[in-house]
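The values are calculated or read from the model by the stated rules, or taken from the named source; none is laboratory data. Quick caveat, the model's predicted, so the values are computed rather than measured. Cβ placement follows ideal geometry from the backbone for every residue including glycine, while neighbour counts extend to all protein chains displayed. What goes into the accessible areas is simple: the full protein's heavy atoms, side chains included, and nothing from ligands, DNA or RNA. Shrake-Rupley method; radii C 1.70, N 1.55, O 1.52, S 1.80 Å.
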Amino acid sequence: MTTPPVPPSGAPRPKFRDSAVVVLVRGRGDALEAFWVQRSEAVPVQPGFHAFVGGKVDAADTLLPLDGVDDEFERAARACAIREALEETGVLVALEGAADAATLATAREQLLAGTVTLPELAERHGWRFDASQLTFAGRWQTPAFAPVRFDTLFFLARVPEGQEASIVPGELEHGEWIRPADAIARWERGEVTFAAPILWTMRDLAVGEENLASRLADAPRRASTPARLVELQHGIVLHAMKTRPLPPAQHTNAYFIGERDCLLVDPGSGEPEALEELFGVADLLATQGRRVKLILVTHHHPDHTGGVAACRERFGAPVVGHIALSPHLKLDRVVGDGDSIELPSGHTKWSLKVLSTPGHTRDHIALWLESRRVLFCGDLVPGGPGSVIIDPPDGDMGDYLATLDRMAALEPATIFPAHGSPQGAAVRRIKALAKHRREREVRVLAALGDSERTLAELLPLAYDDTKPELWPLAERSLLAHLMLLEKGGRAVRLGERWRRG
Ligand SMILES: [Zn+2]
């Protein structure tokens, strides 16, 4: 395998975190296998997803001597790939010569414990690395929907003779060797969730080793030509549209769901440029036999409905939503709790159940795809840090908590939210949100104390952990908490002031 050049780091990459991924392979021909892992439920980024091993470049990575690599980012990324492979799988790649198993096991433990760095280990053991044994396999940048974005160099490496890959449970749940074609089949059936670079890498591996390095290096370009499909599960395409949602989000995720006739959910922007991009994705899907036949809106907020009229016209598809949405938007059909939306079956039976899920707004609906335990949760669960704004009277804290409990009881595996990143560990995430709200309620009660207080007086007491610039939004949620307490007789409103009930 020859190594194509890595594209230069070039222009500043302000929002990205440098990282590296190492695709470990073994075997040849039909027996070629790649090592992949499932991330644990507890990690903040992509919990529950499948991935290759890798991670962020750390400061010590820049210090590892690597001959023949001039670009600073590339050198650090290669060092990072070597370190991550050793930490996460116990395999030491790109070493000149050999290392014995006991030395590697100790080195791994020390690295994981943080008592030593890779450059220190290299010096101690006289390790020299041959950068050319790490084949450049593409430079991938996380698309804009994700709250945390990575600029990642992928490398391909053969597991050295005599070494075995193994996982230490922690950040990773599980690791295994898999034939690339089997990984793709599992993805098509919706059994695994992973990011586009994994899919493209598996596809290129499945074709075989001929021209593999140059195909992998070119994969990011092919993946975004003519449009980039973010399809973390087969049949669920996420397209982030630039909108003006509440901070910290900047995009609304529109979803194309289905393998043939598709449902389009929440096309949130009416801006011509954003619509052109969305139509570009739709055109690409159409070449694969996937056409938008129905448009669904989760709730009436403008960052979810902005593009609906234009999409209705473009696709000639009816628009559906909850009946309470109709004063805000022209609906062609209403749907309510328990209704189902049936799309043609493919690898998956696309039967989506509508759930009426008030709390964020009265008209909010979510979609439950039981065959895959997938929940399209609109604005009920943010796909990143922070919580959802509950703005009375449309927002209702009691309803919201009941909705969260109901969603957790479904035991979804993966949530696809309207803002931020989809995530595994769905039940854990939903329960954490409910717990956070109940803890906030305790703080609000404590803030009420024995005197009468205005919202402005309560805010710094009950939201002292929230940045002051977010207080205007927090004030709405504070009011929602007080109204719920009032309902239960635990708070009393006296004009602009509140006291304990
Ligand atoms: Zn909303």
Exercise for review: Sort the following peptides by mean Cβ neighbour count (other Cβ atoms within 10 Å, averaged over residues), highest first: 348-358, 139-149.
Suggested key: 348-358, 139-149
Point to revise | Relative contact order (percent, whole number), segment 175-245, Cα cutoff 8 Å, 6+ residue spacing | key: 34
Check your understanding: What do you reckon, how do ARG500, ARG312 stack up by accessible area (1.4 Å probe), largest on top?
Key -> ARG500, ARG312
Study note, to complete from the structure: For the chain, the accessible surface attributable to carbon and sulfur atoms (probe 1.4 angstrom, ligands and nucleic acids excluded) amounts in percent to 51
Study note, to complete from the structure: Of 165-171, 464-470, ordering from highest average Cβ density within 10 Å down gives 165-171, 464-470
**Study point:** Relative contact order for segment 16-223, counting Cα pairs under 8 Å that sit 6 or more residues apart, in percent
**Key:** 29
Practice item. Take each complete run of DSSP H in the chain, measure how far its Cα atoms stretch along the helix's own axis, and keep only those covering 15 Å or more with mean Kyte-Doolittle hydropathy at least 0.5; list them. Key: 101-113, 196-207, 272-287
**Study point:** In Hz, Karplus ³J(HN,Hα) per residue of segment 129-134 (6.51, -1.76, 1.60; θ = phi - 60°; x = Gly, Pro)
**Key:** 10, 9, 4, 6, 6, 9
**Study point:** For segment 452-501: relative contact order, % (alpha-carbon pairs under 8 angstrom, 6 or more apart)
**Key:** 44
Practice item. From the P(r) of segment 374-449, can you give the percent of Cα pairs sitting at distances over 17 Å? Key: 44
Review point. Can you pull out the GluC sites (Glu not before Pro) in segment 210-273 that DSSP calls coil and that have at most 16 other Cβ atoms within 10 Å?
Key: GLU210
**Study point:** Cα centroid of segment 55-90 to Cα centroid of segment 172-190, whole Å
**Key:** 26
Review point. Of LYS431/LYS487; LYS293/LYS349; LYS349/LYS435, which pairs sit farther than 27 Å apart, going by alpha carbon to alpha carbon?
Key: LYS349/LYS435
Revision key, fill the gap. Lys and Arg at +1, Asp and Glu at -1: neighbours of ARG443 with Cβ under 15 Å from its Cβ sum to +1
Practice item. Might you report the magnitude of the Cβ-based charge dipole of the chain about its Cα centre, with Lys and Arg at +1 and Asp and Glu at -1, to the nearest 20 debye? Key: 1260
**Study point:** At R0 = 41 Å, FRET efficiency that the Cβ-Cβ distance of TRP177 and GLU469 yields, to 0.05
**Key:** 0.25
Point to revise | Where the chain is the region considered: accessible area per residue in Å², 1.4 Å probe | key: 43
Exercise for review: Would you tally the net charge around ALA131, using a Cβ to Cβ cut-off of less than 10 Å, leaving ALA131 out, and scoring K and R as +1, D and E as -1?
Suggested key: -1
Study note, to complete from the structure: Taking every C-alpha to C-alpha distance in the chain and binning by 20 Å from 0, the per-bin percentages run 22, 48, 27, 3
Study note, to complete from the structure: Taking every other residue with Cβ under 11 Å from the Cβ of ASN253 and scoring Lys and Arg +1, Asp and Glu -1, one gets -3
Point to revise | Computed P(r) (all Cα pairs; segment 441-500; 10 Å bins; percent) | key: 25, 61, 14, 0
